[in-house]
Amino acid sequence: MEMAILAEAPAARPRKKLLKRAGPDRSQALRRAFQLAFLALNVWIGVEFYLFVRYYETGGRSVWAGRPPGVEGWLPIASLMNLKVLISTGQMPRLHPAGMFLLIAFLTMSWVFRKSFCSWLCPVGTVSEYLWRLGQRTFGRAFRLPRRVDIGLRSLKYALLGLFGYAVGSMSVAAIRAFLEGPYGMVDDVKMLNFFRLLGVAGGIVVALLVLASVFVQNVWCRYLCPYGALMGLAALASPLRIRRETSLCIDCGKCAQACPSGLPVDRLIAIQSAECTGCLMCVAECPAAGALLMAAPRKRRVPAWAMAAGIAVLFLGICGFAQWTGHWRTDLPGRLYFELIPHANEFTHP
């Protein structure tokens with residue numbers, strides 16, 4: 001009887017032999033260099049824009065600085081409006097064109113290289129990542145919400161995107177132009193600056209709570225609340241690239257899933273097709289088995305980190321350079337108009 005039981009017992013799955021990598025993975029060092037460079041660029045844009053606003057607020061009695069077109073990257077709604085006008089009429093926008101071209105660059109980047117804007121360039125994503133890394137070092141782990149709660153909260157950013165998409169989609173071209181070319185639209189970038197510069201108690205509490213939550217839970221803003229990231233994720237669904245797992249080489253250690261900041265079950269899937277995948281390559285960097293996990297193009301062709309970095313840089317610089325070359329980058333308004341509008345920016349209400 002004992003022999004019969006032993007005969008019927010399933011054979012233990014043989015342990016796979018680990019084929020170690022030939023050298024260290026440098027994808028994260030490369031990605032961090034991109035993150036910090038883009039963060040520094042945004043800090044420089046912020047300082048220049050502040051000096052620009054102060055010059056007109058003080059009636060020309062402070063240091064002069066030109067308006068940096070890159071500030072329009074922080075105006076996603078105006079960028080969506082201009083993109084709708086371009087698609088509907090074929091005409092380039094006169095106000096905030098740089099924001100539209102930046103949106104096109106980031107969408108193209110996400111379409112080709114997954115949601116790479118979020119993990120390679122976005123300054124908010126960079127700050128968020130360093131906050132949860134701080135929490136991980138402090139508490140020895142990153143906290144994750146229960147799966148059901150996590151999935152439910154993730155839907156919030158898509159709901160917000162749907163709300164903004166409906167608002168922009170329901171506006172006619174004439175209404176969009178009236179909005180953007182009115183006093184509010186001409187200084188909406190100044191109003192954005194004033195929101196943070198003159199942050200009230202309620203706004204300060206919300207920002208503090210988001211910062212605190214980001215220390216404990218990975219990418220709280222990016223995962224649950226960012227409609228811009230939701231838009232990039234939808235574009236990434238059509239990306240030809242995928243994180244692929246080669247089951248014959250995988251040793252089932254689970255390190256890839258533990259490393260994924262989006263909480264995706266990388267160790268249980270053959271290919272990652274989720275809109276939540278940001279193309280950060282953290283799972284690939286953590287995998288100890290040579291060739292078991294890779295970013296792959298069609299026909300399983302490996303896409304190395306340097307190729308992703310080069311592609312992201314070419315798309316960003318190429319699209320922005322095209323806008324500058326064709327004269328559709330700067331918002332050119334006369335100085336007298338700025339002297340009239342900027343000191344009274346907070347008096348203009350949303351139409």
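The values are calculated or read from the model by the stated rules, or taken from the named source; none is laboratory data. In this text the structure is predicted, and so the values were computed from the model without any measurement. Virtual Cβ from ideal backbone geometry, glycine too; neighbours counted across all protein chains shown. Note: areas computed on protein heavy atoms with side chains; ligands, DNA, RNA excluded. Shrake-Rupley method; radii C 1.70, N 1.55, O 1.52, S 1.80 Å.
The table that follows gives values for the structure above.
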{"quantity": "Cβ-Cβ FRET estimate between His328 and Ala271, R0 fixed at 35 Å, reported to 0.05", "calculated": "0.35"}
{"quantity": "Additional length obtainable on full extension of the chain from Ala208 to Trp64, 0.36 nm per residue less Cα span", "calculated": "48.6 nm"}
{"quantity": "On Cα atoms only, tilt of 97-112 relative to the major axis of the chain in degrees", "calculated": "10"}
{"quantity": "Sites matching chymotrypsin sites (Phe, Trp or Tyr not before Pro) across the stretch 54-134 that sit in DSSP coil, with at most 16 neighbouring C-beta atoms within 10 Å", "calculated": "Trp64"}
{"quantity": "Rounded FRET efficiency, nearest 0.05, which uses the C-beta distance separating Leu225 from Glu246 and R0 of 45 Å", "calculated": "0.80"}
{"quantity": "The stretch 34-50 - phi-based ³J(HN,Hα) in whole Hz, Karplus 6.51/-1.76/1.60, Gly and Pro as x", "calculated": "5, 4, 5, 5, 6, 5, 4, 4, 5, 5, 4, 4, x, 5, 5, 5, 4"}
{"quantity": "Calculated FRET efficiency for the pair Ala174/Leu134, C-beta based, R₀ 35 Å, to 0.05", "calculated": "0.10"}
{"quantity": "Extension reserve of the Leu234-Ala313 stretch, reckoned as 0.36 nm per residue once the Cα distance is removed", "calculated": "26.3 nm"}
{"quantity": "Partnerless Cys - the chain, beta-carbon criterion under 4.7 Å", "calculated": "Cys118, Cys122, Cys222, Cys226, Cys250, Cys253, Cys260, Cys277, Cys280, Cys287, Cys320"}
{"quantity": "Spin-label model distance (nm) - Phe195 vs Leu163, 7 Å beyond Cα toward Cβ", "calculated": "1.2"}
{"quantity": "Gain upon complete extension [Arg26, Val149; 0.36 nm per residue less C-alpha separation]", "calculated": "40.9 nm"}
{"quantity": "Carbon plus sulfur fraction of accessible area for the stretch 245-351, probe 1.4 Å, in percent", "calculated": "57"}
{"quantity": "Percent RCO, i.e. relative contact order, over the chain, from Cα pairs under 8 Å lying at least 6 residues apart", "calculated": "27"}
{"quantity": "Matching label, percent of Cα pairs over 30 Å apart computed from the structure shown, candidates (1) 56; (2) 45; (3) 36", "calculated": "(2)"}
{"quantity": "14 Å beta-carbon shell around Gly203, net charge (K/R +1, D/E -1)", "calculated": "+2"}
{"quantity": "In the stretch 119-185, the trypsin sites (Lys or Arg not before Pro) that fall in loop regions by DSSP, at most 14 other Cβ within 10 Å", "calculated": "Arg141, Arg144"}
{"quantity": "Estimated [θ] at 222 nm from DSSP helical runs (n ≥ 4, -39500 (n - 2.57)) normalised by residues in the chain, nearest 500", "calculated": "-17500 deg cm²/dmol"}
{"quantity": "Acute angle (nearest 10 degrees) that the helix 201-216 long axis makes with the longest principal axis of the chain, alpha-carbon atoms", "calculated": "20"}
{"quantity": "Residue-normalised accessible area of the chain, given per residue in Å² at a 1.4 Å probe", "calculated": "53"}
{"quantity": "Angle between the chain longest axis and helix 123-139 axis [Cα atoms, degrees, rounded to 10]", "calculated": "50"}
{"quantity": "Simple Cβ-charge dipole of the chain, Lys/Arg +1 and Asp/Glu -1, about Cα centre, in debye nearest 20", "calculated": "1280"}
{"quantity": "The stretch 27-94: C-alpha gyration tensor shape, a/c 1.5 cut-off, then a/b vs b/c", "calculated": "oblate"}
{"quantity": "Heavy-atom accessible surface of the stretch 70-155: percent carbon and sulfur, 1.4 Å", "calculated": "66"}
{"quantity": "Student exercise, the stretch 298-351 dipole from Lys, Arg, Asp, Glu Cβ charges, in Debye to nearest 20", "calculated": "760"}
